[in-house]
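Just so it is clear, none of the values below were taken in a lab; they were calculated from the coordinates. Note that the structure is predicted; figures quoted are calculated from it, not measured. All Cβ positions, glycine included, derive from the backbone under ideal geometry; neighbour counts span all protein chains shown.
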Amino acid sequence: MIVSSLISDNITGLEINDIGVVKDTKNKLSIYFIRLDKIIELNEFNVKKIDPSKYGDLFDEKICNICHRILPTKDFDLNQTGVNNRPIRRPSCSQCRLSIDGKPMIDKGAWSDSKPSLVDFKCPICEKTTIPGLTSRVALNHDHKTGKITGYICDSCNTGLGRFKDDTVVLERAIKYLKLEYK
């Protein structure tokens with residue numbers, strides 16, 4: 001697989017540093033640009049071949065997993081700390097995170113009194129019983145479109161819903177996939 005980065009800015013719909021995968025190299029390069037979900041034929045002087053392993057948290061530049069552009073690593077928010085206190089940044093750039101994170105929670109203070117106790121908590125989604133803060137974390141979830149708080153769920157389910165973009169259509173596709181693959 002050859003991955004290329006756009007270096008010319010006069011191509012409709014594309015931006016400098018857009019990432020694409022070379023599909024064909026006959027007379028012109030046929031490159032699939034993920035962000036646009038289409039193949040565009042370009043001349044070799046419009047792109048440069050890149051090595052994706054040379055981008056990421058340890059380098060000056062990183063590739064966003066949403067907009068598929070090469071950006072300065074500082075444009076990615078810190079997410080956690082790795083081995084030897086190495087900073088690990090989010091896979092999506094700060095600009096793309098705005099659409100992922102959506103609206104902030106509305107009236108979070110009203111829910112602080114109802115935080116699950118340290119005795120036990122049963123997640124309304126997976127029904128796993130946990131001791132918040134001891135055996136697992138509990139997250140206050142909210143609707144990213146409206147900001148309305150939906151309640152407490154376990155950290156695993158909160159992460160899972162986020163991975164499925166809080167989108168019932170995506171979750172329904174996942175259910176169909178499971179039914180087809182595991183029957």
First check a/c for the stretch 3-50, with a ≥ b ≥ c the square roots of the eigenvalues of its C-alpha gyration tensor; if it is under 1.5, answer rounded, and if not, answer prolate when a/b is larger than b/c or oblate otherwise.
rounded
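Restricting to DSSP H runs of at least four residues, report the calculated mean residue ellipticity at 222 nm for the chain, -39500 (n - 2.57) per run over all residues, nearest 500 deg cm²/dmol. Each step should come with its number before you reach the end.
Numbers: 4 runs with 35 residues, N = 183.
That comes out to -5500 deg cm²/dmol.
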log₁₀ of I(q)/I(0) at q = 0.13, 0.15 Å⁻¹ - the chain, Debye sum with one point per alpha carbon
-0.90, -1.06
Entries in Lys128/Lys179; Lys54/Lys108; Lys23/Lys103; Lys62/Lys108; Lys54/Lys103; Lys62/Lys122 that, when Cα-Cα distance is taken, lie over 31 Å
Lys54/Lys108; Lys23/Lys103; Lys62/Lys108; Lys54/Lys103; Lys62/Lys122
Take the alpha carbon atoms of the stretch 19-120, find their radius of gyration, then divide it by 2.2 N^0.38 Å using N residues; give the quotient.
1.57
Expected unfolding gain across Asp24-Phe164 under the 0.36 nm per residue rule, minus the alpha-carbon gap, is 47.2 nm
Share antiparallel - DSSP beta bridges, the stretch 25-170, percent rounded to 5:
95 percent
Run the Debye formula on the Cα coordinates of the stretch 53-101, all scatterers equal and no solvent, and tell me log10 I(q)/I(0) at q = 0.18, 0.22, 0.25 1/Å.
-0.50, -0.72, -0.89
Count the net charge of all other residues whose Cβ sits under 9 Å from the Cβ of Ile16, scoring Lys and Arg as +1 and Asp and Glu as -1.
-2
Would you list which aspartates and glutamates come within 17 Å of Lys49, measuring only between C-alpha atoms, while excluding same-chain residues fewer than 8 positions from it?
Asp9, Glu15, Asp18, Asp24, Glu41, Glu61
Give the cross-link partners of Lys176 among the lysines, using a straight C-alpha distance below 21 Å as the criterion and excluding same-chain residues fewer than 8 apart.
Lys165
